[in-house]
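Everything below concerns the one structure shown next.
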Amino acid sequence: MSKKQSLSNHTVEDLHALVRGKRDELQGLRFSVAGSKNRNVKQARTLRKDIARALTQLSTRK
């Protein structure tokens, strides 16, 4: 989700899958940054924001 997308038309399963994928990507980024320089320093921040957006959409549906 490099650009802000509408998450309202996604299903609950899609949102859960999105959160899992973004969390895995963030974890991989954290481990790769520990040993080397990161080219995109804002990538971790955008991943955390994408996760928060998806979790917010999930909580509003409950």
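Residues checked against (1) among the charged types (D, E, K, R); (2) modelled with pLDDT of 85 or more; (3) on the phi < 0 side of the Ramachandran plot:
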{"residue": "25", "(1), (2), (3)": "yes, yes, yes"}
{"residue": "28", "(1), (2), (3)": "no, yes, yes"}
{"residue": "36", "(1), (2), (3)": "no, no, yes"}
{"residue": "41", "(1), (2), (3)": "no, no, yes"}
{"residue": "44", "(1), (2), (3)": "no, yes, yes"}
{"residue": "54", "(1), (2), (3)": "no, yes, yes"}
{"residue": "59", "(1), (2), (3)": "no, yes, yes"}
The stretch 18-37, residues that are more than 13 Å from residue 50 (Cβ to Cβ) and either of a type in the set (A, V, I, L, M) or in contact with a Ser or Thr (Cβ under 8 Å, 6 or more places away or on another chain) (or both): 33, 34
Residue that is farthest from residue 58 (Cα to Cα) [pool: residues in the stretch 1-23 that are over 9 Å from the mean Cα position of the chain (by Cα), at pLDDT below 90 and surrounded by 10 or more Cβ atoms within 10 Å (Cβ to Cβ)]: 5
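The values are calculated or read from the model by the stated rules, or taken from the named source; none is laboratory data. Only a predicted model underlies this, so the values are computations on that prediction, with no experimental measurement involved. Using ideal geometry, Cβ is built from the backbone for each residue, glycine included, and neighbour counts are taken over all protein chains shown.
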